[in-house]
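The structure appears right after this line, and notes come after that.
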Amino acid sequence: MKTGKPAVALFLLSLLLIYSPLKGEKNEDIIIEALTDELNRSMKFLKIKNMERPYYLDYTILDKWVLEIEAGFGSLIRSEVSQDRRLNVNLRVGSYQLDNTGFLDMDSMFAAFGGIRNIVLEDDYNAIRREVWLATDKAYKNALEQLADKRAFIKNNVQADEIPDFSQEEPIQLPEPRVFREIDRVKWEKTVKNLSALFRKFPAINESAVKLKVKFAHRYFVNSEGAVVRKAEPLVSLEALASTQAADGMKLKHYIPFYATGIEGLPGEKDITAGIRKMAEELTALTTAPLLDEYIGPVLFSGQASAELFAQVLVPHLSGERPPLCPEPRLAERVFTGKLTRRINRRVLPREISISDDPGRSRFNKEPLIGSYRVDDQGVSASPVELVERGVLKTLLMSRRPSRDISNSNGHARAGFGGITGVHIANFFVTTEKGKSYREMKKELLQLCRDQQLPSGLIIKTLDNPRITGVDRSAASLYMRPDPRATQVTNPVLVYRVHVKDGREELVRGITFSEVNLRSLKDILAVGNDYTVHHRLFTGGGIGGFSFGFSMRGGSEMGIPASIVAPSVLVEELEFKKAAETRKTPPLLIHPFFSK
C-alpha cells in the first residue's frame, strides 16, 4: 500500500507534537536554572575583603498573572489583566546561631522591603541572572550592616536566652509542574455585570459592587541548603459588597465572599445569585432595625461569626515566632507579641475544645479548603499541628525562627504583603467531641438570660471584614488598630436580639464590642455540632511576631488563603457599647434609578 506525501507529512507532524515539550516546560526550567546558577556563584565568590561571606542564601520568584473584573449596578467598572514577577532575596551573614536577621530598626525594616524587586517577565536566562545578581549584591551589603548593628546592640544589652536565629531543616526538592487554565474573560465580564445588576431590585441600598479576581501564580524557591521548589498557587475570589444609611444617618454595610483555588471551584451562578440576594435583603432589613445601644450578657456566635471570633481573638497568638530585638522604643511598641508563647501545657480554652492546623488537608466533609499546600515558603515540608488538646495548649505554629521552647519549623511560614514571610494558619480546625445542636445552644442562651434576669440575649451571625468592605476610621478594627498589641474584634454586621419570652429573633443594629480577649474564650460554656467552613484571606507579614498591621485593599494583592472550620459557641458574658461614629444625613434625593 502506497502512502502519499501529504499523509507522510501529517504523520511526521503528529510525531513532532507528541514528543515536543509541553507548553512552558522548557521555559520553566530556565527560571530554576538561572536562580540555581547565580546562587552557587554567590555562595562561592561573594565576599568583601576582611568581611564574612554569606552562610545561607535563598531566592524566591513569584510569577503572577491576575484578572480583575469589577461591576456596579449592572455596568462594568473595570476589567484589567496584570502580570508581574517578584524576586525576593533572603541572604544571611553570620551563622545559624547568630545572624543579621531578627533585629529591627528603621534601616533594617526598609532594607527588608529593599530585597524585593520586580524583574523581567520573559524567560530569559541572562536577564533573570542579571536581576538576581544586582539584588544579591544589595542584600549582601545590607546584611553586613545589619549584623554589625545587631552585634553592637547585643554587646551593650544583656540577652536572657541564647536562641539560634535560624533552624536547620531538611532540604525539600519538589519541582511541581506549572498549571494553566483558560479563562473566558468575556463570559465572566457578563456574569459579574449580571450579579451587580441584582442591586437594582433594592432601593434602600446606596452603593454596591461585585469584584472578581482570578490569580494564576507560580512560586519558585531555591536555597543554599539544596532545596528546590516550584509550586502553583491559584486563587479565585468573588466578593459582593454593599452599603447604605438608616433614616437616622447610621452607616450600614454588608458583604458576601466566595473563594476557590480555581474558577471551576466557585459555586454556580444560581447559588451566587441567591447568596447576593440574601445579603441585599439583610442589609435592607438593617435600615429599619431597632437600635441597641449597649448590652452585657451571654452571646451565641454562629456560622461565620464563630469562625471569625477564633480567627481574630485566638489565631494571632498561635505564632511561636519570637519577636525581633528592637533598639527603638517607638518601633518596639508597634511589634505584636503573642500572649501564648509561655503558656504551653497550660489550659487556654474550655476542655471541650481542641484545635489543629493541617496544610495537607484539602477537604472537610467534601467541601474544598483553600489553605492547602505541601511545602511552605521557606522550603519546609508542611506538617499537621495539634495546637490545643481538650483546652490545653500543646505547641505553636512555627517558621525557621526558633523560640525558647520550639527549636524547629513545622512548615507554617508563608509570604504575605510585599513578600515578607511570617507564620500563618492554613486549614484551621476547631473541634469538640460532644457538640450540641443549634436548638440546644439557643435554649441554653435563653436559660442564661433567665438566670441573669435579662429580657433578651444576643446571637451574632456575621462579623465585618474591612479588607472587603473598607475600613471605618471611627470603628474599632482589627485591620487598623492604634495599638497592635491590643485585641479588638471587628464590628458585628448581623446581630439578633433573642427575646426570652417567646424565643423570637429580632435583627438589631448599632453596637460594637467593648473588649474581647483571650480570657473571653475561657468563658465559652457550650460548643455546637454545626461546623461551618469559612474561607479567609489574611494580610500582613504574619499572625504574630513580625506582623506590623500592614493591609491592602485593591490591586492584585489578594492575601494569604486559609480555611477555618468552627462550630457555634456560647460565651457566658460579653460587653457591648454603642458604636462610635459621626453620622451624616442620608442623601436628600432618592436614588435616581428608583425615582421614576
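The values are calculated or read from the model by the stated rules, or taken from the named source; none is laboratory data. In this text, all values refer to a predicted model and were calculated from it rather than measured experimentally. Cβ coordinates were reconstructed from backbone atoms using ideal geometry, including for glycine residues, and neighbour counts include every protein chain displayed.
In the range 480-497, is there at least one residue being part of a loop (DSSP other than H, G, I, E, B), at pLDDT 95 or above and among the hydrophobic types (A, V, I, L, M, F, W, C)? Looking for residues that are part of a loop (DSSP other than H, G, I, E, B), at pLDDT 95 or above and among the hydrophobic types (A, V, I, L, M, F, W, C), one finds none in the range 480-497, hence no. Residue-level check: of (1) over 28 Å from residue 261 (Cβ atoms); (2) modelled with pLDDT of 90 or more, residue 561 misses just (1). Would a scan of the range 101-118 turn up a residue that is closer than 19 Å to residue 165 by Cα, assigned to a strand (DSSP E or B) and assigned by TED's automatic domain parsing to the domain that holds residue 134? Yes, the range 101-118 contains at least one residue that is closer than 19 Å to residue 165 by Cα, assigned to a strand (DSSP E or B) and assigned by TED's automatic domain parsing to the domain that holds residue 134. Taking the conditions exactly as written (in contact (Cβ under 8 Å) with a residue 40 or more places away in the chain, exposed (fewer than 15 other Cβ atoms within 10 Å of the Cβ) and either in a loop (DSSP other than H, G, I, E, B) or more than 27 Å from the chain's Cα centre (by Cα) (or both)), does residue 149 satisfy them or not? Against the criterion (in contact (Cβ under 8 Å) with a residue 40 or more places away in the chain, exposed (fewer than 15 other Cβ atoms within 10 Å of the Cβ) and either in a loop (DSSP other than H, G, I, E, B) or more than 27 Å from the chain's Cα centre (by Cα) (or both)), residue 149 does not qualify. Just to be sure, is residue 115 surrounded by 17 or more Cβ atoms within 10 Å (Cβ to Cβ), modelled with pLDDT of 95 or more and in contact with a strand residue (DSSP E or B) (Cβ under 6 Å, 6 or more places away or on another chain)? So residue 115 does not fit the description; no. Taking the conditions (1) surrounded by fewer than 18 Cβ atoms within 10 Å (Cβ to Cβ); (2) modelled with pLDDT of 90 or more in turn, residue 584 satisfies each one other than (2). The set of residues in the range 243-270 that are surrounded by 15 or more Cβ atoms within 10 Å (Cβ to Cβ) and aliphatic (A, V, I, L, M) comprises 246, 250, 252, 256, 260, 263, 266. Quick one: would you say residue 292 is closer than 20 Å to residue 512 by Cα, more than 22 Å from the chain's Cα centre (by Cα) and at pLDDT below 95? Answer is yes for this residue. Restricting the first member to the range 570-596 and to residues that are without any contact (Cβ under 8 Å) to a residue 60 or more places away in the chain and outside the structural domain of residue 303 (by TED's automatic domain parsing), and the second to residues that are polar (S, T, N, Q) and exposed (fewer than 13 other Cβ atoms within 10 Å of the Cβ), the beta-carbon pairs closer than 8 Å and six or more apart or on different chains are 589/595. Between a residue in the range 332-351 that is farther than 17 Å from residue 392 by Cβ and any residue that is aromatic (Phe, Trp, Tyr), which pairs come within a Cβ distance under 9 Å, given they are 6 or more apart or on different chains? Once the first residue is farther than 17 Å from residue 392 by Cβ and sits in the range 332-351, its partners that are aromatic (Phe, Trp, Tyr) give 334/548; 335/546; 335/548; 336/546; 336/548. Note on the range 284-312: residues that are buried (at least 20 other Cβ atoms within 10 Å of the Cβ), under 19 Å from residue 522 (Cβ atoms) and hydrophobic (A, V, I, L, M, F, W, C) total 8. Total residues in the range 37-66 satisfying the condition of being among the aliphatic types (A, V, I, L, M) and surrounded by 20 or more Cβ atoms within 10 Å (Cβ to Cβ): the figure is 3. Residues that are part of a helix (DSSP H, G or I) and among the aliphatic types (A, V, I, L, M) were ranked within the range 429-454; the one that is nearest to the chain's Cα centre (by Cα) is 441.
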